[in-house]
1. Whether any residue in the stretch 69-81 is in contact with a helix residue (DSSP H, G or I) (Cβ under 8 Å, 6 or more places away or on another chain), at pLDDT 95 or above and in a loop (DSSP other than H, G, I, E, B) is what I want to check.
2. Counting only residues that are farther than 17 Å from Val186 by Cα and of a type in the set (A, V, I, L, M, F, W, C), which one in the stretch 106-117 is surrounded by the fewest Cβ atoms within 10 Å (Cβ to Cβ)?
3. Which residue pairs have Cβ atoms under 9 Å apart, sit 6 or more places apart or on different chains, and have a first residue in the stretch 28-50 that is at positive phi and a second that is exposed (fewer than 15 other Cβ atoms within 10 Å of the Cβ) and of a type in the set (S, T, N, Q)?
4. Could you tell me how many of the residues in the stretch 106-138 are assigned to a strand (DSSP E or B), more than 22 Å from Ser168 (Cβ to Cβ) and among the hydrophobic types (A, V, I, L, M, F, W, C)?
5. So Phe63 clears everything in (1) in a strand (DSSP E or B); (2) under 21 Å from the mean Cα position of the chain (by Cα); (3) not aliphatic (A, V, I, L, M) except one condition, right? Which one?
6. Being closer than 17 Å to Ala38 by Cα, in contact with a helix residue (DSSP H, G or I) (Cβ under 8 Å, 6 or more places away or on another chain) and not in a loop (DSSP other than H, G, I, E, B) is the filter here, so list the residues in the stretch 215-253 that pass it.
7. On the given criteria, is Glu120 within 26 Å of Asp78 (Cα to Cα) and surrounded by 12 or more Cβ atoms within 10 Å (Cβ to Cβ)?
8. Test of understanding: among Tyr212, Tyr207, which residue is buried (at least 16 other Cβ atoms within 10 Å of the Cβ), in contact with a helix residue (DSSP H, G or I) (Cβ under 9 Å, 6 or more places away or on another chain) and in a strand (DSSP E or B)?
Amino acid sequence: MKKINLFILTASLSAIIIAGCKKTEGTYTTDKLTDYLALQSGKTIVYRMDSTTFTNFGTVETFTSYLAKDVVDTTILDNLGRPAWRVFRYITDTTQTPQPWADLETYLITPTIGTVEVYENNLRYVKLALPLNNGFSWLGNTYIDTTPTSQDDLDFSYLDGWNYTYDSIGSPYTVLEGTIDSTLIVRQRDETQNDTTDINQYSERNYSVEVYAKGIGLIYKDFLHWAHQPPNGTNPAGYKTGYGIRLNMISHQ
């Protein structure tokens, strides 16, 4: 009987295992991030936009509703010199009266090989990232300075360390327009600091989620940030600062 060289046998088995692993990695596929956008000139989405603000020196929580319309314009270069899509957002009231759409803001969508970035209100977010797997997470606010150096700077510290996470990829989602097939949810933050019912202590609430539909783009957004300050001589019940915005798609074309 011939003796088997143990070294040769071990090397052969290792080669088979490695070859099998390479084959599996080579056949892995995922949707493109741009599949969940509609980056083409003239593409339009109309939303019901509900906003939350704190008025009367932060003592009154106020809710206001509008219609918002996002229109994809054309490609330009972003502030890093990369091709990006410019999007105009317009606003009007919800009464359906013949009020003209008014300019609200302009933002940029920059698709890269592995991410989709949105530059809005001078803040750069990583809204989508590869791979498109349920449970995959990334730091979506990594390009935002969350440590202002002076009291004159806007305080974005509440945006620090947000882990964006995919959920329900490929599932339907219902908005005001109806049920949309093949969507994904990006859960961005769900955080509460301290007892929000105790007016005598500082508390904070941060919540953010977005839903994207294949071939359409953003169909739903719910964002809320507020901080409660304890009572003082001017405000015996304390006061809140912050804001919220909810977008719910009514139509698209």
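1. No, every residue in the stretch 69-81 fails to be in contact with a helix residue (DSSP H, G or I) (Cβ under 8 Å, 6 or more places away or on another chain), at pLDDT 95 or above and in a loop (DSSP other than H, G, I, E, B).
2. Filtering the stretch 106-117 for residues that are farther than 17 Å from Val186 by Cα and of a type in the set (A, V, I, L, M, F, W, C), the one surrounded by the fewest Cβ atoms within 10 Å (Cβ to Cβ) comes out as Ile113.
3. Gly42/Gln253
4. 3
5. (2)
6. Result: Gly217, single match.
7. Working: within 26 Å of Asp78 (Cα to Cα): yes; surrounded by 12 or more Cβ atoms within 10 Å (Cβ to Cβ): yes.
So Glu120 passes the test.
8. Tyr212
The values are calculated or read from the model by the stated rules, or taken from the named source; none is laboratory data. These figures come from a predicted structure and were not determined experimentally. No Cβ is skipped: glycine too gets one built from the backbone with ideal geometry, and neighbour counts run over all protein chains shown.
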